[in-house]
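See structure below.
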Amino acid sequence: MFKKTALYIMSLLLTFLSALILITCVGYYILFFDWDISLVGKVINAVLIIISITASIAIYAVAEKLKRTN
């Protein structure tokens, strides 16, 4: 019983973390991204955004896998 509850709470926390990463990434892109920087700066920002979106999707996939094991 405790193991199922712990896995369910862990999956909820991972889903929440995934949503936080995604919202933070989108908020940064909309509110703080500056288009008047050099090409290298744009590439670095694009790479960081892609990495954080990928991390968000990967964390969400792990959370869904934990939900299915219950």
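When Ile50 is tested against the conditions (1) in a helix (DSSP H, G or I); (2) open to solvent by less than 80 Å² (accessible area, probe 1.4 Å), the lone failure is (2). Cβ separations smaller than 6 Å between residues 6+ apart or across chains give the following pairs from the stretch 48-64 residues that are over 17 Å from Val26 (Cα atoms) to residues that are β-branched (Val, Ile, Thr): Ala63/Thr15. Please go through the stretch 14-36 and give me each residue that is open to solvent by 60 Å² or more (accessible area, probe 1.4 Å) and part of a loop (DSSP other than H, G, I, E, B), ordered by number. Residues satisfying the conditions are Asp34, Trp35, Asp36.
The values are calculated or read from the model by the stated rules, or taken from the named source; none is laboratory data. Worth saying up front: this structure is predicted, and the values here are computed from it rather than measured. Because the Cβ atoms are built from the backbone with ideal geometry, glycine has one as well, and the counts that use them run over all protein chains shown. Each accessible area value is taken on the protein alone, full model and side chains, heavy atoms only, with ligands, DNA and RNA left out. Shrake-Rupley method; radii C 1.70, N 1.55, O 1.52, S 1.80 Å.
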